[in-house]
Amino acid sequence: MHQPTRRLMLALCASMVLTGAHAQSVAPAPLPRVIILATGGTIAGTGASSTTTVGYTAATVGVQSLIKAVPELAKVAQVSGEQVFQIASENMSNEHWLTLAKRVNVLLARADVDGIVITHGTDTLEETAYFLDLVVKSRKPVVLVGAMRPSTALSADGPINLYNSVLLAASPEAVGKGVLVAMNDQIQAARDITKTNTSTLDAFRTPELGMLGYIQGSKPFFYRQSTRKHTVDTEFDIAGLNALPMVEIVYGYANVGPVAVDAFVAAGAKGIIHAGVGDGSLAAKVLPALKAARQKGAIVVRASRVGQGILARNGEANDDELDFVAADTLNPQKARILLMLALTRTSNSKDIQRMFYTY
Ligand code: DGL
């Protein structure tokens, strides 16, 4: 055999052996490990027919069935599931939140867990997301997901939402971004997302402040992130907590009176969120009851029923004089969550106001 040809053949054989050896020595990296914690909701719901999109039963399908219904999950992560609760989310409670948060923190402390997805009813999804945003002690992704249509419906959104959530929880781009919500191909931040429609697929939005990005073609695309502190950067620790302080919300409207405020204070509320009209205006008939609440030691937070914008301190009321707290841009239901956690740390209203400008 001609010398160059022989060398070429030897080189070719050698390269085939090396490539083969190289291929054997560099196995594909294992997929990230994502644990799905199921709590119920419409994503686990069933209806009487494929066209039933209202009037169905939430929280009937178990986590293993949810996983089995989306075999594509196995392409993006090593997935396992736990059924933490099986409830419609209007029944979510402080106790559920503490149980869920403690489980999340235990799992994320494990080196073999890379991210967590929580399936959840949409009615209180934004609240659970914000609570976790304040108490999860890991930078690993935690992604909440729900569905606006039950699993039995035509074009049910649950399976694709679950797939997108798992791939987001498995993605390095989601690390350190705080608790996220992935629905309708969008990535949104726990602090600012809210449910804006009773039934449509695009119900979850972040009006004005904006969502964080999209999930498209099995990839997450981030364009912004929250400026507020979250997860490992908060001062809240629920590890030793078995209960949260009682904080209630009173709603503002024309002709409102003091009955609700007085009733909550009499029941032992440590905090009152006033969901006021406009920029948190206080009706003359309610103000004395709120002042009395404050004098009895309850923290009063002025929020707005409007939904967007900054609740200005000393705007529609003299908060300095009343010793009230302004909710900044948090809606009333999220202001309640922050005040509950704040009261586990302090009863000082000035310190609590700092927290509303921090988280
Ligand atoms: N009962 C509601 C809930 O569990 C159903 C709404 C939903 O999950 O989309 O939040």
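Based on C-alpha pairs under 8 angstrom that are at least 6 apart in sequence, the stretch 278-359 has a relative contact order of 28 percent. Of all beta bridges that DSSP places with both ends in the chain, some 35 percent have antiparallel geometry. Estimated from helical segments only, the mean residue ellipticity of the chain at 222 nm is -9500 deg cm²/dmol, where each DSSP H run of four or more residues counts as -39500 (n - 2.57).
Using a 1.4 Å probe on the protein heavy atoms, what percent of the accessible area of the chain belongs to carbon and sulfur? List each step's numbers first, then the result.
Numbers: 8950 of 16250 Å².
Using a 1.4 Å probe with all protein chains present, the chain comes out at 55 percent carbon and sulfur.
Each Lys and Arg Cβ is given +1 and each Asp and Glu Cβ -1; about its Cα centre, the chain then shows a dipole of about 860 debye.
What residue among I299, I118, I310 has the largest mean-square fluctuation in a Gaussian network model of the chain, using Cα springs under 10 Å? Highest fluctuation among the options: I310. Considering only V117, I299, G41, the residue lying farthest towards the positive end of the dipole of the chain is V117, judged by Cα position with unit charges set on Cβ.
Inter-part distance, the stretch 98-127 to the stretch 280-299, computed on C-alpha centroids, equals 36 Å.
Per residue, how much accessible area does the stretch 202-291 show when a 1.4 Å probe rolls over the protein heavy atoms, in square angstrom? Mind showing how you got there, number by number?
Working: 4780 Å² over 90 residues.
On a per-residue basis, the stretch 202-291 sits at 53 Å².
Within the listed set H96, H120, H230, the residue fluctuating most in the Gaussian network model of the chain (springs between alpha-carbon atoms under 10 angstrom) is H96.
Say the dipole of the chain comes from +1 at the beta carbon of Lys and Arg and -1 at that of Asp and Glu; which of A156, A289, T231 then lies farthest toward its positive end? About the Cα centre, the residue reaching furthest to the positive side is T231.
In terms of the Cα gyration tensor, with a ≥ b ≥ c the square roots of its eigenvalues, is the stretch 13-159 rounded because a/c is under 1.5, prolate because a/b exceeds b/c, or oblate? Please report the intermediate quantities before stating the final value.
On the way: a/c = 3.55, a/b = 1.63, b/c = 2.18.
Judged from the Cα gyration tensor, the stretch 13-159 comes out oblate (a/c at least 1.5, b/c at or above a/b).
Just the accessible area per residue of the stretch 65-136, please: how many Å² with a 1.4 Å probe? Numbers along the way, then the final one.
On the way: 2680 Å² over 72 residues.
Dividing the accessible area of the stretch 65-136 by its residue count gives 37 Å².
Where a ≥ b ≥ c are the square roots of the eigenvalues of the C-alpha gyration tensor, would you call the stretch 203-250 rounded, which needs a/c under 1.5, or, failing that, prolate if a/b is larger than b/c, or oblate?
Working: a/c = 2.53, a/b = 1.82, b/c = 1.39.
Prolate shape, in that a/c is at least 1.5 and a/b is the bigger ratio.
Take every pair of alpha-carbon atoms less than 8 Å apart whose residues are at least six positions apart; their mean separation over the length of the chain yields a relative contact order of 13 percent.
The Cα atoms of the chain define a convex hull whose projected area, averaged across directions, is 23.2 nm². Other residues with beta-carbon under 15 Å from the beta-carbon of P207 carry, at +1 per Lys or Arg and -1 per Asp or Glu, a net charge of +2. Overall, the stretch 48-140 carries a charge dipole of about 400 debye about its Cα centre when +1 sits on the Cβ of Lys and Arg and -1 on the Cβ of Asp and Glu, all other atoms neutral.
Solvent exposure of the stretch 139-200 amounts to 30 Å² per residue of accessible area, where only protein heavy atoms count and the probe is 1.4 Å. In a simple Cβ point-charge model (Lys, Arg +1; Asp, Glu -1; nothing else charged), the stretch 211-359 has a dipole of about 280 debye relative to its Cα centre. If you take the alpha carbon atoms of the stretch 94-243 and fit the smallest convex hull around them, that volume is 111 Å³ per residue. Toward the positive end of the charge dipole of the stretch 196-281, with +1 on the Cβ of Lys and Arg and -1 on the Cβ of Asp and Glu, the farthest Cα among P220, G278, A254 is that of P220.
Shape of the stretch 144-183 from its Cα gyration tensor (a ≥ b ≥ c, root eigenvalues): rounded if a/c is under 1.5, otherwise prolate when a/b > b/c, or oblate? Could you put the intermediate results ahead of the total?
On the way: a/c = 4.72, a/b = 2.52, b/c = 1.87.
The shape class here is prolate.
The values are calculated or read from the model by the stated rules, or taken from the named source; none is laboratory data. Because the structure is predicted, anything quoted here is derived from the model rather than measured. Heads up, the Cβs are rebuilt from the backbone with ideal geometry, glycines too, and the neighbour counts pull from every protein chain shown. The protein model used for the area step is the full one, side chains on, heavy atoms only, and it has no ligands, DNA or RNA in it. Shrake-Rupley method; radii C 1.70, N 1.55, O 1.52, S 1.80 Å.
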